[in-house]
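Comments concern the structure below.
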Amino acid sequence: MRNSPQMLSTPASGQPRARKKVFIKPGFSQLDWMRLTTSGEDLRGVQELRGLTAEEVAQHNKRNDCWMIICGKVYNVTWYVDFHPGGRSQLMRAAGKDGTKLFFETHAWVNFESMLKECLVGFLT
């Protein structure tokens, strides 16, 4: 149906639920994100990859300093916040936390390892 909300199914029930669309500012599309990741800009903010504890990751839970864990890998998603198609508030739900479950509940089809490879800061220990 034209102009109807996109429908996703919830993992537990399989019942459809509406997906709220979020306005993305010009210059912050997924294509723009891909351009940024290949620009040579330092998106990691760390010198080298290392092991990190959940406590260390938890300290990075602000809009201007946002790390998250997905599948045991720690990503600095600070630069990505404004590019997230679901909006800032959705991404911030996993700020400083393990967002693996939330990620796969909402968009399991997304290849996060490819999309965030330039944001990788380390591995959960």
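The values are calculated or read from the model by the stated rules, or taken from the named source; none is laboratory data. Treat the numbers as computed from the prediction; the structure is a model and nothing was measured. Note that each Cβ is placed from the backbone with ideal geometry, even for glycine, and that neighbours are counted across all protein chains shown. For accessibility, only protein heavy atoms count, side chains too; no ligands or nucleic acids. Shrake-Rupley method; radii C 1.70, N 1.55, O 1.52, S 1.80 Å.
Which condition number does Gly14 fail, the rest of (1) part of a loop (DSSP other than H, G, I, E, B); (2) of a type outside the set (Val, Ile, Thr); (3) open to solvent by 90 Å² or more (accessible area, probe 1.4 Å); (4) modelled with pLDDT under 95 being met?
(3)
Give just the number: which of (1) at pLDDT below 95; (2) loosely packed, with under 12 Cβ neighbours inside 10 Å; (3) among the β-branched types (Val, Ile, Thr) does Thr38 not satisfy?
Just one mismatch for Thr38, condition (1).
What pairs can you find where one residue is in the stretch 30-57 and at positive phi, the other is of a type outside the set (D, E, K, R) and surrounded by 12 or more Cβ atoms within 10 Å (Cβ to Cβ), and their Cβ atoms are less than 8 Å apart, with a gap of 6+ or different chains?
Pairs found: Gly45/Asn76; Gly45/Thr78; Gly45/Val121.
Out of the residues in the stretch 77-123 that are assigned to a helix (DSSP H, G or I) and in contact with a Leu (Cβ under 7 Å, 6 or more places away or on another chain), which is most open to solvent (accessible area, probe 1.4 Å)? It would help to see each step written out before you state the result.
First, the residues of the stretch 77-123 that are assigned to a helix (DSSP H, G or I): 81-83, 88-92, 100-107, 112-115, 117-119.
Okay, now just the ones that are also in contact with a Leu (Cβ under 7 Å, 6 or more places away or on another chain), so 81, 118-119.
On the way: Val81: 1, Glu118: 63, Cys119: 0 Å².
Filtering the stretch 77-123 for residues that are assigned to a helix (DSSP H, G or I) and in contact with a Leu (Cβ under 7 Å, 6 or more places away or on another chain), the one most open to solvent (accessible area, probe 1.4 Å) comes out as Glu118.
Quick check on Leu31: is it surrounded by 11 or more Cβ atoms within 10 Å (Cβ to Cβ) and assigned to a helix (DSSP H, G or I)?
no
Return the residue satisfying two criteria in turn: it lies in the stretch 42-68 and is assigned to a helix (DSSP H, G or I) and among the acidic types (Asp, Glu), and of such residues it is most open to solvent (accessible area, probe 1.4 Å). Talk me through it step by step, then tell me what you get.
Here is the first cut: in the stretch 42-68, the residues assigned to a helix (DSSP H, G or I) are 54-58.
Checking which are among the acidic types (Asp, Glu) leaves us with 55-56.
On the way: Glu55: 128, Glu56: 58 Å².
Checked the stretch 42-68; the qualifying residue most open to solvent (accessible area, probe 1.4 Å) is Glu55.
For a quick check of your reading of the model, give me the residue pairs whose first member lies in the stretch 86-102 and is farther than 19 Å from Ser29 by Cβ, whose second is polar (S, T, N, Q) and modelled with pLDDT of 95 or more, with beta-carbon atoms closer than 9 Å and at least 6 apart or on different chains.
If the second residue must be polar (S, T, N, Q) and modelled with pLDDT of 95 or more, the pairs left are Met92/Asn61; Ala94/Thr100; Ala95/Asn61; Gly96/Gln59; Gly96/Asn61; Lys97/Asn61.
Need the failing condition index for Lys21 against (1) open to solvent by 60 Å² or more (accessible area, probe 1.4 Å); (2) at pLDDT below 95; (3) on the phi > 0 side of the Ramachandran plot, just the number.
So the condition that Lys21 fails would be (3).
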